[in-house]
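Worksheet: one structure, shown below.
Read-outs throughout are calculated quantities, based only on the coordinates presented, and are distinct from any laboratory measurement. Bear in mind the structure is a predicted one, so any value in this text is a computation, not a measurement. Glycine gets a Cβ as well: all are built from the backbone with ideal geometry, and neighbour counts include every protein chain shown.
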Amino acid sequence: MRDSRQMLRSGCALALVVLAGGCASIRDHRGYTVDSALVDSVQPGVDNRLSVERSLGRPTFASQFGTPTWYYVSLNSKQAPFTRPRTDAEFLLKVNFDQSGNVSSVTRGGMDKVVRLNPDGHKTPTLGRDRSFFEDLFGNIGAVGALPGSGGTQGGTTGPGRGPNGS
């Protein structure tokens, strides 16, 4: 009897350990894999587009208008069980080029440039009338079939001897 209780306790303890192991945080990496030696090798006035692409690879995205700029973005996120992922670390490398294709400046950034936005989840104010639920539900009763500009009369004439199409 005592052995069966001890086995039951050890089985429950083992089950708890297995279940607790499933509650570990999830780590994820997205984007550019940063190699600091390669990033430091890009020098303004020395490198051009081809040498930057050969050392760093294709950019995460490039500017379409204005000054030619390549962006290398790296994101590390962490997600606790039953929660949304949160950004843990971010790296942004911005490489500006002049018109001839040479590197004009290199800018590094990180979490200091990240802005957390908390939009107001209530109502967005709009122009117009504030109608109740029942006004929305029953507001069109009587308006079905009415002609525009008829002053609320239904279907009939718009003047003496005239039909809806003016005949």
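When the convex hull of the C-alpha atoms of region 30-113 is computed, what volume per residue in Å³ does it have? Present the calculation step by step, with values, prior to reporting the outcome.
Working: hull volume 8.8 nm³, N = 84.
Roughly 104 Å³ of hull volume per residue.
Using θ = phi - 60° and the Karplus relation 6.51 cos²θ - 1.76 cosθ + 1.60, list the HN-Hα couplings for region 55-64 in order, rounded to whole Hz, with x at every Gly or Pro.
My calculation for region 55-64 gives 8, 9, x, 5, x, 5, 7, 10, 5, 9 Hz in order.
With r defined as the distance between the Cβ atoms of H29 and Q6 and R0 fixed at 41 Å, what FRET efficiency is calculated, to the nearest 0.05?
Values: r = 45 Å, r/R0 = 1.09.
My answer for the efficiency is 0.40.
Quickly rank 124-133, 25-34 as a protection proxy: mean count of other C-beta atoms within 10 Å, highest first. Spell out each step's value before the answer.
Values: 124-133: 6.8, 25-34: 13.0.
Highest mean packing first, the order is 25-34, 124-133.
I want to verify the translational diffusion coefficient of region 73-120 in µm²/s; compute it with Stokes-Einstein, Rh as the Kirkwood radius over Cα pairs, at 4 °C and 1.567 mPa s. Walk me through the numbers before you get to the answer.
Working: Rh = 13.3 Å.
Rounded, D is 97 µm²/s.
Once you keep just the Cα pairs under 8 angstrom separated by 6 or more residues, what percentage relative contact order results for region 30-113?
Working: 141 pairs, mean separation 25.2, N = 84.
Normalised by residue count, the contact order of region 30-113 is 30 percent.
When the dipole is taken about the Cα centre of region 33-148, and only Lys, Arg (+1) and Asp, Glu (-1) are charged at their Cβ, what size is it in debye, to the nearest 20? List each step's numbers first, then the result.
Working: 13 positive and 12 negative charges, 30 e Å.
Once rounded to the nearest 20, the dipole reads 140 debye.
Roughly what would the spin-label model give for F133 and T60, points 7 Å off Cα along C-beta, in nm?
About 4.6 nm, to one decimal.
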